[in-house]
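Step one of this worksheet: look at the structure below.
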Amino acid sequence: MADTKPPDGPPTPLGTAEELADVWTRFRGGAMVHCPADDGPLALAVDGAAGAYRFVCTNCGLASPWFEAGPLGMNVRWHLQPGVSGGVADE
Ligand SMILES: [Zn+2]
């Protein structure tokens, strides 16, 4: 069966541009932002070379996808994501 998108493991927390934009907006507003998994504090990681950001939980290590946040809005940099373990070769 090929036409439906296969479930590649659990859904990624903070894995949509909408979620990231919401967290980013609150973060920039000075609010504490919290991990969707365990409610731990999220820290902002910056990749200066790529000009990208991501949120990482300082409690459990959960990380959002890399994203850019520019004047045009949220842009998730899917091509920067490392290979997801277990998501390959499910034939
Ligand atoms: Zn966490």
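No lab work stands behind these numbers, since they all come straight from the coordinates. Every value quoted in this text rests on a predicted model; they were computed, and no experiment measured them. Note that we place each Cβ from the backbone using ideal geometry, even for glycine, and neighbour counts take in every protein chain shown.
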Taking the Cβ of each residue in Phe55, Phe27 as the centre, tally the other Cβ atoms inside 10 Å and list the residues starting with the fewest. Phe27, Phe55
Would you mind ranking Thr16, Thr58 so that the residue whose beta carbon has the fewest other beta carbons within 10 Å leads the list? Thr58, Thr16
